[in-house]
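A short write-up of the structure that comes next.
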Amino acid sequence: MKTKAIGSPGGLTHRCVVLGQNFAIRELLHVLGFTFTSIDVVEAVGDIDHLPEAVRPDVLLVTDSIAGGLSRLKLETAKAKLMPRAIICLTNGVDAQTEVTLRAVGLSFLGTAETFFSHADSVLKCSVRRRTGSPTPPCDAQNAPTDARSHLAQSVQGRLHKSTRSFQRMGFRLIPQTVAVLAVVLMRLIELAVGLVVSALVLLPVYLVLLVRYLVAGIPVFFPRTIVGHGNPVTIRAFNRCGPLQNLPLFAELITGRLALVGTAIADWDARPVTPMQGYIRRIKPGIFSLWQVRRASRIAHEGREIVEWEYVFKKGLVYDLLLLLRGIPGLVYGAGGQSPSPVLRLLDLDIANLTMADAIQRIKQAACGDRPCSVFFVNPDCLNKMATDRDYFHILQQADYVLPDGIGLTLAGKLLQTPLKENINGTDMMPFLCKMAASRGYSLFMLGGRSGVAAQAARRLSERYQVSIAGTAHGYFDRFKESQQVIDQINRSGADILLVGLGAPEQEKWIMRHRHRLAPRVLMGVGGLFDFYSGNIKRAPVWMREIGLEWVYRILQEPGRMWRRYVLGNPLFLYRVARWRFFPIRNQHE
Ligand code: UDP
């Protein structure tokens, strides 16, 4: 990630490497854009394994969001590798012992992002003085000159003033702080309205029914649940033995203000010490709707809870929250509803592996150093429609080591068959995880498929982004009978450990299975149009469309001629097939 330099009064630019997760860093840069500090981010990486070579920055800015958390070892490693003139460490609170340990690395600043932003000019000036050899003044926040603060205040005020000019032109005298307060008040009013309406119309009648049940059968109406609320344990009540309605009393908490309508995910209280990142997340009020819940419902929360929550913390705001609320509604239809322990979803006579992304990567990692070829295929509704009329394809999928579920159609099928899927695992989402794993283990990839130059372009981008080794690439428009041996030789000579084949389904699965014993890579994956996405030829649907299960609509809009039949006719046909198989399994034939 690169940014342009932000001008400063002195005209000096600080070359800076930022160490932290992408979305946290984006926010950081956004805030820096409102200061008078000149800073040129030459590189931004998520963990120390990916620190740039041959960059000697003025400043190394490390944030809490660094993969695996802050530690002295990490700081020492980064310092030794980059030799920056100043290390700035942004943390939302560390205990005294950790603070001493971290400071021992020789930090120019250790504190919260807010404090840093208040004194950024003075902190960064230290690194400039060091560079020019002048004596280094103390750089801790307490010693920052007050004129820097007033300068910052003026600058921020100037920017705020600029951003409200359009309001003022319309005759309004609104300033952003007022807008922020109004947003909070508006959200609170919405919460009160929702809380009152749901309590009066739904909660109360259900409560009365449960009260009668209590009087007749002695089953308590509520059970208590202690959750994390605003950093402290809070005990809320849920309806006892009430199935999907058990969380209805949460709406009453909107009136008490202990829960928000949209916030961080509700989590049971755990007294164990938390990381600074978790501590920061805990400070945000939990909500009935959360980004984590939305991503979980659509089975795309592959990064794990903490990362998703952290993303929410930085995006939070009235508009974002209201849009998140809307995005949460489809999830009520296909939401999790309890995790199935079943490791397999049996669908249309095919066993589909019910894994998390982390599990799938773990298995591929093991297979890559195994002694036999391991086939990994992804199936979406279109593949399963093809499978229903293509006996060979069906047998090939049956023989595969792993068949993974791709798309919202599979999520719905899992729900219908009472085997909820743990995660939706498609090749495009898997690619970053696969590349990171391959880079860390020293495995190399061969990419076969797509039009001429597409796989090579995707390979360049992936190796730049994830430092993964790409052993070779080849296009997918070759004569399967005459030229396959040549392609196989090229793959085997490359020494690749993992082969990605993007010829479209079922062609790629058939090609892999036909030649698997002659292919040297240990992992053989069918990845469809993945290279088109990673080469930049075809844009992927925005994440909000994936969250509400409408990625297929985006694909129709991009390639209507090719895709309408696949989705407009294919999706209902697939659901019909699933329902028929569910209720009349004997009638399912693969011919
Ligand atoms: N393709 C190929 N050789 C062929 C036919 C197709 O390499 O003979 C490629 C095509 O360029 C595209 C991919 O296979 O990159 C198929 O993409 P599609 O979107 O159909 O696959 P999906 O991801 O939907 O399974």
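The values are calculated or read from the model by the stated rules, or taken from the named source; none is laboratory data. Keep in mind it's a predicted model, so treat the numbers as computed, not measured. Glycine gets a Cβ as well: all are built from the backbone with ideal geometry, and neighbour counts include every protein chain shown.
Somewhere in the stretch 297-306, is a residue in contact with a strand residue (DSSP E or B) (Cβ under 8 Å, 6 or more places away or on another chain) and either among the β-branched types (Val, Ile, Thr) or surrounded by 17 or more Cβ atoms within 10 Å (Cβ to Cβ) (or both)?
Among the residues of the stretch 297-306, not one is in contact with a strand residue (DSSP E or B) (Cβ under 8 Å, 6 or more places away or on another chain) and either among the β-branched types (Val, Ile, Thr) or surrounded by 17 or more Cβ atoms within 10 Å (Cβ to Cβ) (or both), which makes the answer no.
Give me the pairs, please: first residue somewhere in the stretch 561-577 and closer than 17 Å to Val379 by Cβ, second residue anywhere and more than 15 Å from the ligand (Cβ to nearest atom) and assigned to a helix (DSSP H, G or I), beta-carbon distance under 7 Å, and either six or more positions apart or on two chains.
What qualifies is Leu575/Leu412; Arg577/Ala388.
Looking at this structure, is Glu423 buried (at least 20 other Cβ atoms within 10 Å of the Cβ), away from the ligand (no atom under 13 Å from the Cβ) and more than 22 Å from Leu519 (Cα to Cα)? Please lay out each step first, then the result.
Working: buried (at least 20 other Cβ atoms within 10 Å of the Cβ): yes; away from the ligand (no atom under 13 Å from the Cβ): yes; more than 22 Å from Leu519 (Cα to Cα): yes.
For Glu423, the condition - buried (at least 20 other Cβ atoms within 10 Å of the Cβ), away from the ligand (no atom under 13 Å from the Cβ) and more than 22 Å from Leu519 (Cα to Cα) - is met.
Give the residues of the stretch 68-95 that are under 15 Å from Pro52 (Cα atoms) and surrounded by fewer than 14 Cβ atoms within 10 Å (Cβ to Cβ), sorted by residue number.
Ala80, Met83
Filter the stretch 525-537 down to residues that are surrounded by 16 or more Cβ atoms within 10 Å (Cβ to Cβ) and either more than 13 Å from the ligand (Cβ to nearest atom) or of a type in the set (Gly, Ala, Ser) (or both), then give me how many there are.
Residues that pass the stated criteria total 4.
Yes or no: Lys415 surrounded by 20 or more Cβ atoms within 10 Å (Cβ to Cβ), farther than 20 Å from Arg516 by Cα and either basic (Lys, Arg) or without any contact (Cβ under 8 Å) to a residue 40 or more places away in the chain (or both)?
So Lys415 fails the test.
With the requirement that a residue be without any contact (Cβ under 8 Å) to a residue 24 or more places away in the chain and away from the ligand (no atom under 16 Å from the Cβ), what does the stretch 486-503 give you?
Correct list: Asp489, Arg493.
Given the criteria closer than 25 Å to Ile284 by Cα, touching a helix residue (DSSP H, G or I) at 6+ places or on another chain (Cβ under 9 Å) and of a type in the set (Ser, Thr, Tyr), does Thr264 qualify?
yes
Would you say Leu499 is of a type in the set (A, V, I, L, M, F, W, C), closer than 19 Å to Asn380 by Cα and surrounded by 21 or more Cβ atoms within 10 Å (Cβ to Cβ)? Let's see the steps before the verdict.
On the way: of a type in the set (A, V, I, L, M, F, W, C): yes; closer than 19 Å to Asn380 by Cα: no; surrounded by 21 or more Cβ atoms within 10 Å (Cβ to Cβ): yes.
No.
Of all residues in the stretch 445-455 being surrounded by 15 or more Cβ atoms within 10 Å (Cβ to Cβ) and without any contact (Cβ under 8 Å) to a residue 60 or more places away in the chain, which is nearest to the ligand (Cβ to nearest atom)?
Here the residue is Leu448.
Taking Ile227 and the conditions (1) surrounded by 12 or more Cβ atoms within 10 Å (Cβ to Cβ); (2) at pLDDT 90 or above; (3) part of a helix (DSSP H, G or I), which numbered condition does it fall short on, given that it satisfies the others?
(3)
When Trp511 is evaluated against the numbered criteria (1) crowded, with 16+ Cβ neighbours inside 10 Å; (2) in contact (Cβ under 8 Å) with a residue 60 or more places away in the chain; (3) within 11 Å of the ligand (Cβ to nearest atom); (4) not β-branched (Val, Ile, Thr), which criterion, by number, is the only one it fails?
For Trp511, the exception is condition (2).
Working carefully through the options Arg540, Arg546, find the one that is within 16 Å of the ligand (Cβ to nearest atom), in a helix (DSSP H, G or I) and either closer than 25 Å to Val294 by Cβ or in contact (Cβ under 8 Å) with a residue 60 or more places away in the chain (or both).
None of the other options fit; the residue is Arg546.
Can you tell me which residue is nearest to the chain's Cα centre (by Cα) among those in the stretch 460-485 that are among the polar types (S, T, N, Q) and within 15 Å of the ligand (Cβ to nearest atom)?
Looking at the filtered set, the residue picked out is Thr473.
Only one of (1) surrounded by fewer than 20 Cβ atoms within 10 Å (Cβ to Cβ); (2) not in a loop (DSSP other than H, G, I, E, B) is not met by Ile284, so which one is it?
With (1) surrounded by fewer than 20 Cβ atoms within 10 Å (Cβ to Cβ); (2) not in a loop (DSSP other than H, G, I, E, B) applied to Ile284, the lone miss is (2).
Just give me the residues in the stretch 420-459 being within 23 Å of the chain's Cα centre (by Cα) and of a type in the set (Lys, Arg), in sequence order.
Scanning the stretch 420-459 gives Lys422, Lys436, Arg441.
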